[in-house]
Amino acid sequence: MSKKMWLVAAAAGIAASVAYAQFPIMERVADKVVQKYQGMTCEQLWQQKGQPKSEEEQRVIGFLKSDPQMRQAFFNKISAPIVNKMFECGMIP
């Protein structure tokens, strides 16, 4: 691995550990969201798409709206697994 690539990888690892240390509850919520999506079938995802949000989901959304740094860390954690699942299910082109 070149020196530049190693530095980029190290910086990404540090950023991830800082996000975890800074937002441990958000990290657990993000893990729960990823597990939920990975454990659902495509049919279940399609059925859930139009459903209203639970009180817990609304509370989490409120926290994410009020804290841009936490929101960024949350999206960084969940984006790849959820987008991949949605792609597999034909929910995005």
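Surrounded by 10 or more Cβ atoms within 10 Å (Cβ to Cβ) and of a type in the set (G, A, S): does that describe G50? Spelling it out, it is not the case that G50 is surrounded by 10 or more Cβ atoms within 10 Å (Cβ to Cβ) and of a type in the set (G, A, S). Within segment 48-81, the only residue that satisfies the criterion of being touching a helix residue (DSSP H, G or I) at 6+ places or on another chain (Cβ under 7 Å) and among the small types (G, A, S) is A73. Taken together, F87, F63, F23 contain a single residue that is aromatic (F, W, Y) and either at pLDDT 90 or above or under 11 Å from the mean Cα position of the chain (by Cα) (or both), which is F87. Of the helices (runs of 4 or more DSSP H) lying entirely inside segment 37-92, the ones with 3 or more residues being under 24 Å from I25 (Cβ atoms) and among the charged types (D, E, K, R) are found at 55-66, 68-88. For segment 21-39, residues that are touching a residue at least 40 places away in the same chain (Cβ under 8 Å) and either surrounded by 15 or more Cβ atoms within 10 Å (Cβ to Cβ) or basic (K, R) (or both) total 8. Residue pairs whose Cβ atoms lie under 8 Å apart, separated by 6 or more positions or on different chains, with the first residue in segment 76-92 and touching a residue at least 24 places away in the same chain (Cβ under 8 Å) and over 14 Å from C42 (Cβ atoms) and the second loosely packed, with under 14 Cβ neighbours inside 10 Å and of a type outside the set (F, W, Y), are K77/D31; P81/Q38.
The C-beta contact set for segment 57-72 (first residue free of Cβ contacts under 8 Å to residues at least 12 places away in the same chain, second residue in a loop (DSSP other than H, G, I, E, B) and among the hydrophobic types (A, V, I, L, M, F, W, C), distance under 9 angstrom, 6+ apart or interchain) comprises D67/F23.
The values are calculated or read from the model by the stated rules, or taken from the named source; none is laboratory data. None of these values were measured; they are calculated from a predicted model. In this analysis, Cβ positions are derived from the backbone assuming ideal geometry, glycine residues included, and neighbour counts consider all displayed protein chains.
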